[in-house]
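A.B. asks: Here it is: the structure, laid out below.
All of the numbers you see were taken from the coordinates with simple rules; none came from a lab. Values in this document were obtained by computation on a predicted structure and should not be read as measured data. Cβ placement follows ideal geometry from the backbone for every residue including glycine, while neighbour counts extend to all protein chains displayed.
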Amino acid sequence: MYPQKKATRELTKLHNRRLVFTTIYNAKQISRADVARLTDLTPTTVSSVVSELMRKRLVIEDGTASLPRGKPPAVLQVNKDAYHMICLDLAKASFQGAVINLRGEILCQRSIYLAGRTGDAAVAVAFDLIDSLLPTIGSPVLGIAVGAPGIIDPDKGIVHRAVNFEWYDLPLRQRLYERYRLPVYIANASHAAVLAEYTFGRRRNVPDLVVVKVGYDVGAGTILNGEPFLGHGFGAGEIGHMVVVENGERCMCGNFGCLETVSSSRAIVKRAQAIARSNPASLLNKFAPTPAELDIRSVLCAYEAGEPALRPVVAEVGHYLGIAIASLVSVLSVPYVLIAGSVSNFGQPLLDAITQEVYARSLARMVSQTTIETASLGARIVLLGAAGLLLRHEMGVI
Ligand SMILES: [Zn+2]
């Protein structure tokens, strides 16, 4: 056979294998006949691909589909523990790591405080985390995936700029591959977050989706037509540095009045500390020994306990987020904008303030077709986004 023909046949086989696996994955439980119907593949091709997937223990036959009469066909489902994945969320204060199965179930989770370590020392923390997870894994490992802050080139596996860790043009994928010899994928944390919601979240498989992650920093991740949209320089969604306050406070990036200076968890904690200092009777002082020790968690507790001085703070945070989100809605016209990150825990009052601002700044018709809601995956969102990366690239799940 000509090499080219052989290559084409191999590609077709790979394509069919991924198509059948994705169809079974997305259906949860499905018969061979329904796989053929949904994929437009012949029943013979489906049978042969399914046999191969079953030999590899990726798909199992379980139970039977209920039909009114006749011999019920066997039902196929993904063997969720055929592979396990090592997923990392390199957040500002601590690195989180988890072992996750093919259905997004977290089997083991660890974290290591960064304690100011940067550069190579921060890379070593990621190694330590993976080393501590590896012995807990009872299935073959599909690969390692990492969500990290900053500008990331996922094709080359390079972190171009993560200021917090002092990583500049760090070949993180290569470093991880050299040590573990496993497939490695890396993505910006906000880009991972939207993939998490798309793969495992309440709005699973909604083809046009935006997640705005508001935590220590602020960024957005976008899926358009079922594909992650990263932008030409991989910086799509870096809304944290859109200027929303003229002559505002100085930002870490050097500019003034960026969205992060007024809407990040840092900005909220700073405002709360000022309230706690100026008013000793404030509820905030019940949740931390001193105002300087307040963090976003204790501020949230004080908010939930009813501290009135935090209400205008949350409204203002929502107002500024709304300015940036109005632009996203006008440009992208997506059906859902999901708010994630620690700041999303302020819940409905924050959503109301955002929505009000988005309405004030966009065509009513466009906003009425967009739902702004809290993301569904909580603090696990970046870890699950990393799992989504591996499923997408290694198993073809889309
Ligand atoms: Zn900035």
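A.B. asks: Using θ = phi - 60° and the Karplus form 6.51 cos²θ - 1.76 cosθ + 1.60, what ³J(HN,Hα) does each residue of the stretch 366-377 get, whole Hz, x for Gly and Pro?
C.D. replies: Once rounded to whole Hz, the list reads 5, 5, 5, 9, 10, 9, 9, 9, 6, 4, 9, 9.
A.B. asks: Hey, can you grab everything whose amide H is under 5 Å from the amide H of I158? Only 5+ residues off in sequence or another chain; H modelled, so Pro and N-termini drop out.
C.D. replies: Residues meeting the criterion, in which the H sits 1.01 Å from N, are D153.
A.B. asks: Collect residues whose amide H, placed 1.01 Å from N in the peptide plane, falls under 5 Å from the amide H of V146; neighbours closer than 5 in sequence don't count.
C.D. replies: L88, Y185, I186, A187
A.B. asks: Check cross-link reach from K286 to the lysines: straight Cα distance under 23 Å, and skip same-chain residues fewer than eight apart.
C.D. replies: K270
A.B. asks: For T371, enumerate residues with amide H under 5 Å from its amide H, sequence gap 5+ or separate chain, H modeled in the peptide plane.
C.D. replies: Y336, V337
A.B. asks: Counting only Cα atoms, I'd like the Rg/Rh figure for the chain, Kirkwood definition for Rh.
C.D. replies: 1.02
A.B. asks: To make sure I understand the rule: partners must be aspartates and glutamates, Cα under 15 Å from the Cα of K156, and not fewer than 8 residues away in the same chain. Which ones qualify?
C.D. replies: Partners found: D169, E178.
A.B. asks: List, in order, the whole-Hz ³J(HN,Hα) value for each residue of the stretch 354-363 obtained from phi through the Karplus relation with A = 6.51, B = -1.76, C = 1.60 and θ = phi - 60°; use x for Gly and Pro.
C.D. replies: 5, 4, 4, 5, 4, 4, 5, 10, 9, 5
A.B. asks: Please check: in the Gaussian network model of the chain (C-alpha springs, under 10 Å), which one of A387, A145, A305 has the largest mean-square fluctuation.
C.D. replies: A305
A.B. asks: Hey, what did the chain get for relative contact order, percent, Cα under 8 Å, at least 6 apart?
C.D. replies: 15
A.B. asks: Would you work out which of V269, A187, T44 lies farthest towards the positive end of the dipole of the chain, given +1 charges on the beta-carbon of Lys and Arg and -1 on that of Asp and Glu, about the Cα centre?
C.D. replies: Going by the charge dipole, the pick is T44.
A.B. asks: If packing is taken as the average number of other Cβ atoms within 10 Å across a peptide's residues, how do 151-164, 358-371 rank, most packed first?
C.D. replies: The densest-packed peptide leads the list: 151-164, 358-371.
A.B. asks: Which of S376, S342, S51 moves most in a GNM of the chain, Cα contacts under 10 Å?
C.D. replies: Answer for the Gaussian network model of the chain: S51.
A.B. asks: Moving to a separate point now. How large is ³J(HN,Hα) for each residue in the stretch 122-127, as worked out from phi by the Karplus curve 6.51 cos²θ - 1.76 cosθ + 1.60 (θ = phi - 60°), to whole Hz, x for Gly and Pro?
C.D. replies: Those phi angles translate into 6, 4, 4, 5, 4, 4 Hz.
A.B. asks: Springs between alpha-carbon pairs under 10 angstrom, Gaussian network model over the chain: which of K80, K56, K213 fluctuates most?
C.D. replies: Of K80, K56, K213, the most mobile in the Gaussian network model is K56.
A.B. asks: Once the other residues with Cβ under 14 Å from the Cβ of G257 are scored (Lys, Arg +1; Asp, Glu -1), what is the net sum?
C.D. replies: -3
A.B. asks: Restricting to lysines 8 or more places apart or on different chains, can you count the pairs in the stretch 3-78 with Cα atoms under 26 Å from each other?
C.D. replies: 7
A.B. asks: Any idea what angle helix 43-55 forms with the longest principal axis of the chain, computed on alpha-carbon atoms, 0 to 90 degrees, nearest 10?
C.D. replies: That works out to roughly 70 degrees.
A.B. asks: Please compute the contact order of the stretch 204-376 in relative form: average sequence separation of alpha-carbon pairs under 8 Å and at least six residues apart, divided by the residue count, as a percent.
C.D. replies: 22
A.B. asks: Hey, how many Å between the Cα centroid of the stretch 289-359 and the Cα centroid of the stretch 150-179?
C.D. replies: Measuring centre to centre over Cα atoms gives 30 Å.
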